[in-house]
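Have a look at the structure below before the remarks.
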Amino acid sequence: MTRKIEHYVGGAHVPGTSGRRGPVYDPSTGEVQAEVDLASAEEVGAAVRIAAGAQRSWRAVSLSRRTEVMFSFRQLVHEHRSELAALVSSEHGKVESDAAGELARGLENVEFACGIAPLLKGGFTEQASTGVDLYSIRQPLGVVAGITPFNFPMMVPLWMIANAIACGNAFVLKPSEKDPSASVRLAELFSAAGLPDGVLNVVHGDKVAVDAILDDPGIAAVSFVGSTAIARHVYERGTAAGKRVQALGGAKNHMVVLPDADVDVAADAAVSAAYGSAGERCMAISVVVAVGSIADPLVDAIAKRLPELRVGPGSDPSAEMGPLVTAEHRDKVASYLAVAADEGASVRVDGRTQELMDAADPRGFYLGASLVDGVRPGMRVYDEEIFGPVLSVVRAGTLDEAIALVNAHPYGNGTAIFTRDGGAVRRFQFEVDCGMVGVNVPIPVPVAYYSFGGWKASLFGDAHMYGPAGVDFYTRTKVVTSRWPEPAASTIDLGFPGTR
């Protein structure tokens, strides 16, 4: 019998009532391993009402108790890290070591939330006017929601949930229906840590559930990570409904390599950043901009490394790259290789070749690491987000040309530069139009006490994710003007209030 994945609402597993289900595959074999319930708008609304009831009491819980719950949750996740990594690997396909790394980065956000109390402090001004004091306080928004992607089924939910709950909100999570089990397991661990029932709810679904979240008047704010087209939809529909929305979209991240860079270091970094998690990362390096004389040796060095990558199931400890999440996505990514050749680029290493996938089950959704040289703006392989193990190489004559390439691209999530020249680095980080910049670091994802977010078509709105920006997003400020007058001094005064 096929395993059923239910919603998690009010601290319990709740079977779906819509009559609709979606398949959850084992990407390494291509087989359906489970079916997930897909919520109706009515089911989403019911979860929101339960969350609203739970939030009224949760917001009154002391910061000390909220912190205690966060610490307990952090410890439980740490204790179950092997189980969680295996669960992600089985539904997403990434190798277990990569899944464990994802969880570790997610836990950093939980640890940040454990220390959130000082960031929730307000301010106080004594004697702002005669006998009048002013103070500001931060309060939670109420019920907030998160819509998360398939590529990081633990880390991205923890980007949102940890801060939101620590700030006193209740949360409704709509994870990707492609790999939903990790989110349910995290919710179970939150319950085990002492989080009251209904503060965190997981509702599975597709566009029906997404639109129900965006339209529901009981939800005050929505956080989203995914493709640019859907991010735009989420932002426009959510803000039209009067919600706060942070919507992070797609990416086309460039890694600029200057002639003075160490070729082997740059090649290792490019391979690691382009093909980890089969390229299904919004911060993956998808374009290497090789400047000047380093281009030929760098391309040769990258190409030499690709046949040595072991492609296989995520459960294989020797595998370095697993399958893609679905057959449809694998086929779409593979189609870019044919298009690139037709447009005049050179497919230096073709991941469709079976010998690059000797450890892989042919029934699985595998594609080997691919390298395309001679890429130029205007080619689809350059202009579009591929979200798979395809690395393009664009050749540039100068740093000026490289910066112009990065800045002209519609995406602006992340970028990196590899060089020994401090002056070039200073100029690059000053001029480049991207939200996150790496200096000899290929994947510059900020640590939890900073915040994550891109520019241009990689972000809709102005709210970045997690860290201090996350605290700002999940709270609102109230200013209190206070006076304790003597009754005998009370008078009627219709003039405009003064401060002197």
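Here are some notes:
- Criterion (touching a Ser or Thr at 6+ places or on another chain (Cβ under 7 Å), crowded, with 24+ Cβ neighbours inside 10 Å, at pLDDT 95 or above and among the aliphatic types (A, V, I, L, M)) met by exactly one of Val234, Val156: Val156
- Yes/no for Phe171 being within 19 Å of Ala104 (Cα to Cα) and either surrounded by fewer than 24 Cβ atoms within 10 Å (Cβ to Cβ) or at pLDDT 95 or above (or both): no
- Answer residue from region 318-356, given it is closer than 14 Å to Gly279 by Cα and among the aliphatic types (A, V, I, L, M) and is farthest from the chain's Cα centre (by Cα) among those: Ala334
- Residues that are free of Cβ contacts under 8 Å to residues at least 12 places away in the same chain and on the phi > 0 side of the Ramachandran plot within region 311-352 are absent altogether.
- Scan of region 1-38 for residues that are more than 29 Å from Glu320 (Cβ to Cβ), part of a loop (DSSP other than H, G, I, E, B) and in contact with a Ser or Thr (Cβ under 9 Å, 6 or more places away or on another chain), ordered by number: Gly11, Gly16, Thr17, Ser18, Gly19, Arg20, Leu38
- Residues (in contact (Cβ under 8 Å) with a residue 40 or more places away in the chain, of a type outside the set (S, T, N, Q) and surrounded by fewer than 17 Cβ atoms within 10 Å (Cβ to Cβ)) located in region 457-495: Pro468, Arg476, Lys478, Val479, Val480, Arg483, Trp484, Pro485
- The set of residues from region 171-191 being of a type in the set (Lys, Arg) and in a loop (DSSP other than H, G, I, E, B) comprises just one member, Lys178.
- Annotation note: of Gly397, Gly498, the sole residue that is surrounded by fewer than 16 Cβ atoms within 10 Å (Cβ to Cβ), in contact with a strand residue (DSSP E or B) (Cβ under 9 Å, 6 or more places away or on another chain), within 22 Å of Val381 (Cβ to Cβ) and touching a residue at least 40 places away in the same chain (Cβ under 8 Å) is Gly397.
- Residue check for Arg66: in contact with a helix residue (DSSP H, G or I) (Cβ under 8 Å, 6 or more places away or on another chain) and in contact (Cβ under 8 Å) with a residue 24 or more places away in the chain: yes
- When Gly344 is tested against (1) assigned to a loop (DSSP other than H, G, I, E, B); (2) within 25 Å of Val24 (Cα to Cα), just one condition goes unmet, and that condition is (2).
- In region 245-271, the residue that is surrounded by the fewest Cβ atoms within 10 Å (Cβ to Cβ) out of those that are under 28 Å from Pro313 (Cα atoms) and under 19 Å from the mean Cα position of the chain (by Cα) is Gly250.
- If the condition is being within 25 Å of the chain's Cα centre (by Cα) and either buried (at least 16 other Cβ atoms within 10 Å of the Cβ) or within 30 Å of Gly168 (Cβ to Cβ) (or both), then region 22-32 contributes Gly22, Val24, Tyr25, Asp26, Pro27, Ser28.
- In the set (1) within 24 Å of Leu298 (Cα to Cα); (2) modelled with pLDDT of 95 or more; (3) touching a helix residue (DSSP H, G or I) at 6+ places or on another chain (Cβ under 9 Å), Val325 fails one condition alone, (1).
- Selection from region 194-222 of residues that are of a type in the set (Asp, Glu), in contact with a helix residue (DSSP H, G or I) (Cβ under 9 Å, 6 or more places away or on another chain) and not in a helix (DSSP H, G or I): Asp197, Asp216
Residue-by-condition table, conditions (1) without any contact (Cβ under 8 Å) to a residue 60 or more places away in the chain; (2) over 18 Å from Val349 (Cβ atoms):
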position	(1), (2)
Val263	yes, no
Val271	no, no
Glu280	no, yes
Ala284	no, no
Val288	no, no
Ile294	yes, yes
Leu309	no, no
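- Apart from one condition, Val375 fits all of (1) outside any loop (DSSP other than H, G, I, E, B); (2) closer than 30 Å to Glu328 by Cβ; (3) more than 20 Å from the chain's Cα centre (by Cα); the exception is (1).
- Val271 vs. criteria touching a strand residue (DSSP E or B) at 6+ places or on another chain (Cβ under 6 Å), in the same structural domain as Tyr411 (by TED's automatic domain parsing) and β-branched (Val, Ile, Thr): no
- Looking across region 228-268, just one residue is outside the structural domain of Val375 (by TED's automatic domain parsing) and among the acidic types (Asp, Glu), and that is Glu236.
- Among the residues listed as Leu189, Leu134, Leu158, the single one being more than 17 Å from the chain's Cα centre (by Cα) and either among the charged types (D, E, K, R) or more than 30 Å from Trp484 (Cα to Cα) (or both): Leu189
- In summary, Val447 fulfils each of the numbered conditions (1) under 30 Å from Val291 (Cβ atoms); (2) free of Cβ contacts under 8 Å to residues at least 40 places away in the same chain; (3) surrounded by fewer than 16 Cβ atoms within 10 Å (Cβ to Cβ) with the single exception of condition (2).
- Test for Val61: is it surrounded by fewer than 21 Cβ atoms within 10 Å (Cβ to Cβ), touching a residue at least 24 places away in the same chain (Cβ under 8 Å) and on the phi < 0 side of the Ramachandran plot: yes
- Of all the listed residues (Gly53, Gly11), the sole one being touching a residue at least 24 places away in the same chain (Cβ under 8 Å) and either touching a helix residue (DSSP H, G or I) at 6+ places or on another chain (Cβ under 9 Å) or under 30 Å from Asp316 (Cβ atoms) (or both) is Gly11.
The values are calculated or read from the model by the stated rules, or taken from the named source; none is laboratory data. Just so we're clear, the structure is a prediction, and the values are computed from it rather than from any experiment. For neighbour counting, all protein chains shown are included, and Cβ atoms are generated from backbone atoms with ideal geometry for every residue, glycine included.
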